[in-house]
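**Student:** Sending over a structure as structure tokens; questions will come in a sec.
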Amino acid sequence: MMDNNWLEAALTQALTKPLTHWINLEQPLDFNNYIKAGGYMGAIKALKEFTPREVLTIVSDSGLKGRGGAGFPTGMKWSCVPALQKKLPLNQDTSTQESSYLICNADEMEPGTFKDRYLLEGVPHQLIEAMIIASYTISANKAYIFLRGEYVLAAKRLQQAIDQAYKNNWLGENIQGTDYQLDLYLHTSAGRYICGEETALINALEGKRAIPRAKPPFPQVSGLFGKPTVVNNVETLSNLPHILKHGSAWFKSLSPDSDAGTKLYAACGQVKNPGVWELPMGVTIRTLLYEYAGGMSDGMKLKGLLPGGASTDFLTEQHLDTPMDFDSISKAGSRLGTGGLIVLGDQHCPVAMVLNLLRFFAQESCGWCTPCRDGTPWVVEILTRIEQGKANHEDIAQLHELCDFMWLGKTHCALAPGAVEPLKSALHYFKEDFEQHIEQGCCPYDSSSSEGKEVSHDE
Amino acid sequence: MKSNDCSLEQTIPSIMVTDEKIDFRQYLSSAELTAIEQEVSIMATREAAGIEALKVVQQHRGWISDESLIAIAQCLHISSAQLEGVATFYNLIYRQKVGHYVIHLCDSISCHLTGYDEILEIIKQHLSIDYGQTTVDGQFTLLSNVCLGSCDKSPAMMINSTHYHSLTAESVIAILNGLSQNVEQAP
Ligand SMILES: Cc1cc2nc3c(=O)[nH]c(=O)nc-3n(C[C@H](O)[C@H](O)[C@H](O)COP(=O)(O)O)c2cc1C
Ligand code: SF4
Ligand code: FES
């Protein structure tokens, strides 16, 4: 009896929390245990039952959207790869087409984002299985995991899993008796946020300075070493084994009223119980903040939050009932981004918070284009003076102007517009706080405001 | 600005390291060369193994000196200027000598919201160094780091390749003291 209950619970888990139900952070499943748990079933199905074009159709039908920040439909991204573009009959093999590359983006350096780490450290074989499926679909015989240098444990576990997969004929030549070949390599980076931008990432992998490339050409057409290349996020890819196993209708049914699938949501900052949770797409911010993250830290009220990492716009109390899916969060004026809340309480200075965020962007600007290279440090300079109570109202007008200079279409990549998002929304929602700093000539939050060290405390 | 006009002359060191003075086959150890060639073999071009090669040498020598940079560039058949462009781009490649332990303290947003400054002050006081500096005994270097991906357990830091999280005033001192004892006990 007990056994059945356990089994049922396990099956429900597998079907409702596909991404995380295998996660074990202490000791991830090794190859044998991953197989026992039903692993590599998605990959075997893809390789043995479907042509690449059929897999593409399944993934397109599933409605899977990219989890790396932009939410671009994965099927659509893949369909631009030349090998999948040729008008071949649906059942014809595409493996003889020009070879492409698959890159898994595991750079995860967006402040306040730590979801991919759980997947990388907790269930590395799931990612490898996913990469086999994706590589097969886009006709890639070489794939790379681009991992940030600081994720040392993830690197160790991934390399072990890759070695086990080679040993068991899941990587290398003639995978599982098919004529498909895939080599998978782990590249560890050396600490630079811009490497997460997909074209900068490609330059980094080629051993060049990691500056973003102009688009077009898009990487799907000309990417790594000039070959067709698909870059996908860790979480995006990790959905694939389950979509192959259970079908696209199942994937959509995980969240009937929202974007398809589940999402790794997270919360950090001034909340009682920070963490990561896999939930159906479209839970409300309120549910996430109060039920999962345990509400605000003791004695604090909500001042504002970034819904999806450092480069998203602030939302406030009035947005608590917004579902956390791509469209709803955009309608509320922000972006779902990576789905991790960064929560600010009412006793911490919002100007100090924005200053911290903008310092990050100024430091990590790659320096290629002027609006960002010069604009981000200029913003930092102004914000520092505001926080120290040494600014005037014209400085605020200047900030608005800088937001405009660094907006979409005016910079070479999306880093600078990403920096504008928290800044511009803070100027809107926390207008009074900015003005108080100027009028009072000091930070009204002083003790809790960390960056305001040099504020004079003359009473 | 006028007074700076001649500064260029002063900053050029009298003995410059030049490509001709170094032969990478002699400069790099066989262990380093083997590891670099291993990395080269999985990339489509030699140039693409740049970061890996820098990491290999850094692992053996602790940091990347001008001599090392030139030797690696020769080994990869690229100009040292190009490799310098890569090396200086990254936070985890050290172009200056660092201490035995390199503290990477996260200064990003979650850590900012949960008490990073107190931890920073404690480290600075305890070791009497600021960001970018190394203790006189060569034990510790202090650097900032962007978000370490431990935001749910902030404040966080990484020392060499070990991550520490949920830092408090007490725990951070205990960690530092524990590490300096290790160094003292080492032969
Ligand atoms: C400055 C910058 C940093 C980025 N960092 C990451 C990152 O660390 N991880 C990631 O998956 N995507 C990152 N992205 C988004 C990628 O460019 C790309 O859109 C994503 O990897 C695509 O994967 P997806 O379609 O699976 O979402 C970043 C984008 C920018 C502009
Ligand atoms: S926007 Fe910033 S990060 Fe992007 S290319 Fe321009 S300078 Fe580099
Ligand atoms: S902000 Fe410090 S670990 Fe993420």
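The values are calculated or read from the model by the stated rules, or taken from the named source; none is laboratory data. Computed from a predicted structure; not experimentally measured. Glycine also receives a Cβ, built like all others from the backbone with ideal geometry; neighbour counts cover every protein chain displayed.
**Student:** Whether any residue in the range A:163-175 is within 13 Å of chain B (Cβ to nearest Cβ), of a type outside the set (A, V, I, L, M) and in contact (Cβ under 8 Å) with a residue 60 or more places away in the chain is what I want to check.
**Tutor:** Checked the range A:163-175: no residue is within 13 Å of chain B (Cβ to nearest Cβ), of a type outside the set (A, V, I, L, M) and in contact (Cβ under 8 Å) with a residue 60 or more places away in the chain.
**Student:** If you go through the range A:363-381 one residue at a time, do you hit one that is in contact with a Leu (Cβ under 6 Å, 6 or more places away or on another chain), in a helix (DSSP H, G or I) and under 15 Å from A:ASP433 (Cβ atoms)?
**Tutor:** Looking through the range A:363-381, none of the residues is in contact with a Leu (Cβ under 6 Å, 6 or more places away or on another chain), in a helix (DSSP H, G or I) and under 15 Å from A:ASP433 (Cβ atoms).
**Student:** Also: Determine which single condition A:LEU408 fails, assuming it passes every other condition in (1) surrounded by fewer than 18 Cβ atoms within 10 Å (Cβ to Cβ); (2) within 14 Å of ligand 1 (Cβ to nearest atom); (3) outside any helix (DSSP H, G or I); (4) within 13 Å of another protein chain (Cβ to nearest Cβ).
**Tutor:** Single failed check for A:LEU408: (4).
**Student:** Could you please find all residues in the range B:43-63 being in a helix (DSSP H, G or I) and closer than 17 Å to B:HIS77 by Cβ?
**Tutor:** Answer for the range B:43-63, where residues must be in a helix (DSSP H, G or I) and closer than 17 Å to B:HIS77 by Cβ: B:GLU47, B:ALA48, B:ALA49, B:GLY50, B:ILE51, B:GLU52, B:ALA53, B:LEU54, B:VAL56, B:VAL57.
**Student:** Also, quick follow-up: Need the failing condition index for A:ALA70 against (1) under 16 Å from A:PRO228 (Cβ atoms); (2) within 13 Å of ligand 1 (Cβ to nearest atom); (3) small (Gly, Ala, Ser), just the number.
**Tutor:** Of everything listed in (1) under 16 Å from A:PRO228 (Cβ atoms); (2) within 13 Å of ligand 1 (Cβ to nearest atom); (3) small (Gly, Ala, Ser), A:ALA70 misses just condition (1).
**Student:** Name the residues in the range A:217-227 that are away from every other protein chain (no Cβ under 14 Å) and within 22 Å of the chain's Cα centre (by Cα), would you?
**Tutor:** If the condition is that a residue be away from every other protein chain (no Cβ under 14 Å) and within 22 Å of the chain's Cα centre (by Cα), then A:PHE218, A:PRO219, A:GLN220 are the ones that fit.
**Student:** Of all residues in the range A:179-194, which are more than 8 Å from chain B (Cβ to nearest Cβ) and among the aromatic types (Phe, Trp, Tyr)?
**Tutor:** A:TYR180
**Student:** Okay, next question. Does A:ASN141 satisfy being within 14 Å of another protein chain (Cβ to nearest Cβ) and either surrounded by fewer than 21 Cβ atoms within 10 Å (Cβ to Cβ) or in a helix (DSSP H, G or I) (or both)?
**Tutor:** Answer is yes for this residue.
**Student:** Just to confirm my filter: which strands (runs of 3 or more DSSP E) fall fully inside the range B:94-187 and include at least 2 residues that are crowded, with 18+ Cβ neighbours inside 10 Å and of a type in the set (Ser, Thr, Tyr)?
**Tutor:** B:140-145
**Student:** While we're here: Just to verify a result, which residue in the range B:81-118, among those that are among the small types (Gly, Ala, Ser) and under 20 Å from A:TYR193 (Cα atoms), is nearest to ligand 1 (Cβ to nearest atom)?
**Tutor:** This residue is B:SER108.
**Student:** When you check A:SER447 against the structure, is it part of a helix (DSSP H, G or I), at pLDDT below 95, out of contact with any Lys or Arg (no Cβ under 8 Å at 6 or more places or on another chain) and polar (S, T, N, Q), yes or no?
**Tutor:** yes
**Student:** Now a separate question. Starting from residues that are within 13 Å of chain B (Cβ to nearest Cβ), farther than 24 Å from B:SER144 by Cβ and aliphatic (A, V, I, L, M), keep the ones in the range A:195-216 and report whichever is farthest from ligand 2 (Cβ to nearest atom).
**Tutor:** Selected residue: A:LEU205.
**Student:** In this structure, does A:ALA267 turn out to be more than 11 Å from ligand 1 (Cβ to nearest atom), more than 21 Å from A:CYS366 (Cα to Cα), at pLDDT 95 or above and of a type in the set (A, V, I, L, M)?
**Tutor:** Yes.
**Student:** Within the range A:237-270, can you find the residues that are touching a helix residue (DSSP H, G or I) at 6+ places or on another chain (Cβ under 6 Å), of a type outside the set (A, V, I, L, M, F, W, C) and assigned to a helix (DSSP H, G or I)?
**Tutor:** A:SER238, A:PRO241, A:LYS245, A:SER248
**Student:** Which one is surrounded by the fewest Cβ atoms within 10 Å (Cβ to Cβ) among residues in the range A:182-205 that are in a helix (DSSP H, G or I) and within 16 Å of ligand 3 (Cβ to nearest atom)?
**Tutor:** That would be A:GLY196.
**Student:** Here is a further query. Restricting attention to the range A:21-42, which residues are farther than 22 Å from A:THR137 by Cβ and in contact with a helix residue (DSSP H, G or I) (Cβ under 7 Å, 6 or more places away or on another chain)?
**Tutor:** A:HIS21, A:TRP22, A:ILE23, A:ASN24, A:LEU25, A:PRO28, A:LEU29, A:ASP30, A:PHE31 - these are the residues of the range A:21-42 that are farther than 22 Å from A:THR137 by Cβ and in contact with a helix residue (DSSP H, G or I) (Cβ under 7 Å, 6 or more places away or on another chain).
**Student:** Please go through the range B:24-53 and give me each residue that is more than 14 Å from chain A (Cβ to nearest Cβ) and out of contact with any helix residue (DSSP H, G or I) (no Cβ under 8 Å at 6 or more places or on another chain), ordered by number.
**Tutor:** B:GLN26, B:SER30, B:THR34, B:GLU37
**Student:** Sort out which residues of the range A:170-181 are part of a helix (DSSP H, G or I) and in contact with a Leu (Cβ under 7 Å, 6 or more places away or on another chain), and write them in order of number.
**Tutor:** A:ILE175, A:GLN176
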